[in-house]
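The values are calculated or read from the model by the stated rules, or taken from the named source; none is laboratory data. Quick caveat, the model's predicted, so the values are computed rather than measured. Positions of Cβ are backbone-derived with ideal geometry, glycine not excepted, and every protein chain shown enters the neighbour counts. Remember, those area values only see protein heavy atoms, side chains included, never the ligands or the DNA or RNA. Shrake-Rupley method; radii C 1.70, N 1.55, O 1.52, S 1.80 Å.
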Amino acid sequence: SRVGVGMFVEPLFSEKEEEEEEQVKRQVGLRVKGLLPGGPAASSERIEVGDLLLEVDGEEVAGHPLKALAAKLLGEEGTPVTLRLRRGEEEYDVTLERRAVSTS
């Protein structure tokens, strides 16, 4: 069964690009909006709500559909996934081990 890292994300958009006087929203990353207590992300103590998720296993998240990115966080239990995050000006990598997380 496919399991994850116990992290909820939401798209973060830039509204800087203008096209024919209309604001075009461009997804620039994913913002961490929640961590499941006891899950791999929370247990790492290196990921906080509000952090920006930039890459999953070396693949940039910008411009990819949320559903596709969420699927990349899932995998076989015990397999590693490396996330590149940004907090303020600092960028850093965190490698987590996927495992079953209770949502109750």
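Below are the figures for this structure:
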quantity	calculated
Matching residues in the range 73-83 - criterion: being open to solvent by 80 Å² or more (accessible area, probe 1.4 Å) and touching a Leu at 6+ places or on another chain (Cβ under 9 Å)	80
Residue satisfying all of: in the range 84-103; touching a Ser or Thr at 6+ places or on another chain (Cβ under 8 Å) and of a type outside the set (Val, Ile, Thr); most open to solvent (accessible area, probe 1.4 Å) among these	97
Residue in the range 44-62 that is closer than 22 Å to residue 100 by Cβ and in contact with an Asp or Glu (Cβ under 9 Å, 6 or more places away or on another chain) present	no
Count of the range 53-72 residues which are touching a residue at least 40 places away in the same chain (Cβ under 8 Å) and either loosely packed, with under 12 Cβ neighbours inside 10 Å or within 10 Å of residue 83 (Cα to Cα) (or both)	1
